[in-house]
Each structure stands twice: as structure tokens, then as C-alpha cells.
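Following: one structure in C-alpha cells, then a few remarks.
Nothing in this text is a laboratory measurement; each read-out follows from the coordinates by a stated rule. It should be emphasised that the depicted structure is a prediction, and the values quoted were computed from it without experimental measurement. As a convention, Cβ positions derive from the backbone with ideal geometry for all residues, glycine included, and neighbour counts pool all protein chains shown.
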Amino acid sequence: HRLPELLRAMPKAELHIHIEGSLEPELIFALAQRNHVGLAYPSIEALRAAYAFTDLQSFLDIYYAGASVLLTQEDFHDMAWAYLTKAAAENVLHAEIFFDPQTHTARGVSMGTVIQGLKRAVDRAQAELGISAALILCFLRHLSEEDALQTLEAAVPYRGHFIGVGLDSSERGHPPEKFARVYARCRELGLRLVAHAGEEGPPEYIRNALDVLKVERIDHGVRCVEDPALVQRLARERVPLTVCPLSNVKLCVFGTMAEHNLGQLLAAGLVATVNSDDPAYFGGYLNQNYLDTFAALPQLDAGHAYTLARNSFEASFASDADKARWI
Ligand code: ADE
Ligand code: ZN
């Protein structure tokens, strides 16, 4: 029982959390009532019972439906504040938070409402909880590159409120190279770059995220092990992978946690990190991800816990001064 205590108590960073995926059923129903939005489920229990996923798409359908209750700055603030208070209680010192603006602007919510509401929670968390946080704008890859370019331009007035961009939603059939032009524009703007790759998609998507989009981290990336030359490259170049173990099991990327390849990734010398992805949907926040992974993979010990925590700070986009304080 000393390892679980260490996992809970150790200082850590979270680098892969979709803020819309932190929306708990209780808050979905509260916001639906506050905003007079209708829901397809009669109760909190009925909604939670629908959280049985067979793949990424089966999750995304219900995740986008849940996000439909978000309308005002206060809604975005309240969602992010709920996540940040939980993260602070789990000894998360720093969080880099994804948000999906197209999910909201497509419903008539303005970019300013989304970003300013989230930013208020980020600033409040620094002041009241002492937790540092930053926002990463994600493009939905099932939509067109033209839509992503328009989304980026709508966000330019709020350039100071987010540190980078990511790429998420349905991976298969929507390869990184579809977004080459918008990532080039993001590089010109000095934004930090990440992308989901190798969650359900093949190792080639990881290569093209690096070579075409020029991302600095890979979100998920667990399918890299199918390509040994790619694993060697990721290790040599110290490209971080933001691995999400509970997500991978809930979305059937691995049949069980005992089959997860996190131990293999660490043994190969990769800069792997542990993250929660969509904690309200996948059965737990960051510490639950550490606890369940270490319980299922007997080769992981206190040394690996330390490596994962150090990796989370090293792989973050925090300043060198902050990293020096944390590591
Ligand atoms: N959006 C929210 N969670 C996601 C995931 N795990 N993969 C792709 N898109 C997502
Ligand atoms: Zn994700």
C-alpha cells in the first residue's frame, strides 16, 4: 500500500485533458436546467449508464451531446473550475487543458465566450489554488481544414489566452496531413503544437504528425510499438507521448489494463506520461489512472512513478524556471 500513497502524493503535471471531457453528469444536468437545454436522457443515472463505449466514435457521439449544455462564460468557467479544484487536490501542480471550440461555435456560442470563460477559471485557479494551468485549442479533425483555418482566425484576438493547438476527434480517415496548412499558420503565430496520433490510427499518423505538422508532443501514440524504427526515433528525439490508460481501456484500444503497453513504452526509453483524457467519461481523474495502471502492471515500481512524474514536467510547455522548481 506504499505505492498507491506515493502515486497520490507525488507532485505531477497533466498534459492531456479535454475540458469538455471533465463535465460530470451532475453538472451536465445542472447546466441543462440553468440554460433550458433539452437532453436525450431522463436522469443522471440514465446518462451515466450510457457510458459503455466500443471505440472512439461511440464515445465522441455522447461527448459532443454532453457539451451541448455549455452556453455562457459562466458555464465554461464552472466546468474548468470543477476540474482544476479536483486536479489541485490530486497534487497536480500544472495542467495543460484542451478545449474544442468548434463544438461550441457550431451551436452559435462565440469564441470569446468559450475562451474568456475558461481563462477566468485558469486565472482563478492560479490565484486561489496555486495551480498553474494553460489552454490548448484543438481542431476537430472530422471537419475540414477550411473550418479549422476559420476557427484559428476567430481565436487570434485571444492569442494571449492559449499557448498552443492540438488535433482531436475521429482519427481514422483524417490523417495529420489534412491539416498541414493550418499548422503552418499556427507555427507562424508562435503557438506550441501537439496532435492526437496513434490512438486508433496507424504509426504512419505519428510520423506525419511529426514530419508534416511538426508537433512537439504526440497525444496517445500507443500504436507506435507496431513500428520499431518509429519507437527508436521517438526515444532518440525525446518526443513525449501523453498516454491515457483508462481511456485506452474504455475505448477498447487495449482489452484490459493488464494488456496496456505503458511498461513497454517506458522500457523502450520513451518520454511517456500518464493523463486522464476525459475523466468524467472514463472512470477516473489523474490519480485513478496512475493507481489502476500500477495495479495492473506488476513491472511498474516507485522508480517508474518518479520517471512518469518527472516526464510530465519535462514534457510540459511551462517555463524553464517553473520546470526547475518542480523537477
Ligand atoms: N476528444 C476527446 N477525447 C478524445 C480522444 N481520446 N481522442 C480523440 N478525440 C478526443
Ligand atoms: Zn484526447
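What Kirkwood hydrodynamic radius do you get for segment 134-173 when you take the inverse of the mean 1/r over all pairs of distinct Cα atoms, in Å?
Answer for segment 134-173: a Kirkwood hydrodynamic radius of 10.7 Å.
Would you compute, for the Cα atoms of segment 27-177, the largest minus smallest coordinate along each principal axis and list the three values in descending order, in whole Å?
Principal-axis extents of the Cα atoms in segment 27-177, largest first: 40, 38, 29 Å.
Within the chain, what is the longest stretch that has no trypsin sites (Lys or Arg not before Pro) placed in a DSSP loop and near at most 16 other beta-carbon atoms within 10 Å?
In the chain, the maximal stretch lacking such sites is 1-106.
Between ALA127 and GLU26, what is the label-to-label distance in nm when each label sits 7 Å out along the Cα-to-Cβ direction?
2.6
First check a/c for segment 109-214, with a ≥ b ≥ c the square roots of the eigenvalues of its C-alpha gyration tensor; if it is under 1.5, answer rounded, and if not, answer prolate when a/b is larger than b/c or oblate otherwise.
Prolate shape, in that a/c is at least 1.5 and a/b is the bigger ratio.
Going by amide H atoms built from the backbone, whose H comes under 5 Å of the H on GLY164, apart from near neighbours?
LEU137, ARG192
Can you tell me how much longer the chain between SER144 and HIS36 gets when fully stretched, taken as 0.36 nm per residue apart minus their C-alpha distance, in nm with one decimal?
35.8 nm
5 Å is the cut-off here: which amide hydrogens, built 1.01 Å from N in the peptide plane, fall below it relative to GLY201, excluding neighbours closer than 5 in sequence?
none
Kindly identify the chain as rounded, prolate or oblate by the Cα gyration tensor criterion: order the square roots of the eigenvalues as a ≥ b ≥ c, call it rounded if a/c is under 1.5, otherwise compare a/b with b/c, prolate if a/b is larger, else oblate.
Rounded, since a/c falls under 1.5.
Looking at this model, which pairs from LYS12/LYS214; LYS178/LYS214; LYS86/LYS323 are more than 24 angstrom apart at the alpha-carbon?
LYS12/LYS214
Using a simple charge model, +1 on the beta-carbon of Lys and Arg, -1 on the beta-carbon of Asp and Glu, nothing else, what dipole does the chain show about its Cα centre, in debye to the nearest 20?
660
Are there DSSP H segments in the chain that both extend 27 Å or more along their axis (alpha-carbon positions) and score a mean Kyte-Doolittle hydropathy of at least 0.5? List them, or say none.
TM-like helix candidates: nothing returned.
Let's see if you can work this out: charge +1 on each Lys and Arg Cβ, -1 on each Asp and Glu Cβ, no other charges. What is the dipole magnitude of segment 1-144 about its Cα centre, in debye to the nearest 20?
In total the dipole reaches around 160 debye.
Quick check: residue separation of GLN264 and THR85 times 0.36 nm, minus the Cα distance between them. What number comes out in nm?
Contour length minus the Cα-Cα distance gives 61.2 nm.
At 0.36 nm per residue, minus the direct Cα-Cα distance, what do ASP61 and ARG8 gain on full extension? Give it in nm, one decimal, please.
Gain on stretching ASP61 to ARG8: 15.9 nm.
Taking θ = phi - 60°, what integer Hz values does the Karplus form 6.51 cos²θ - 1.76 cosθ + 1.60 yield along segment 262-269, in sequence order, with x for Gly and Pro?
Once rounded to whole Hz, the list reads 4, x, 5, 4, 5, 5, 7, x.
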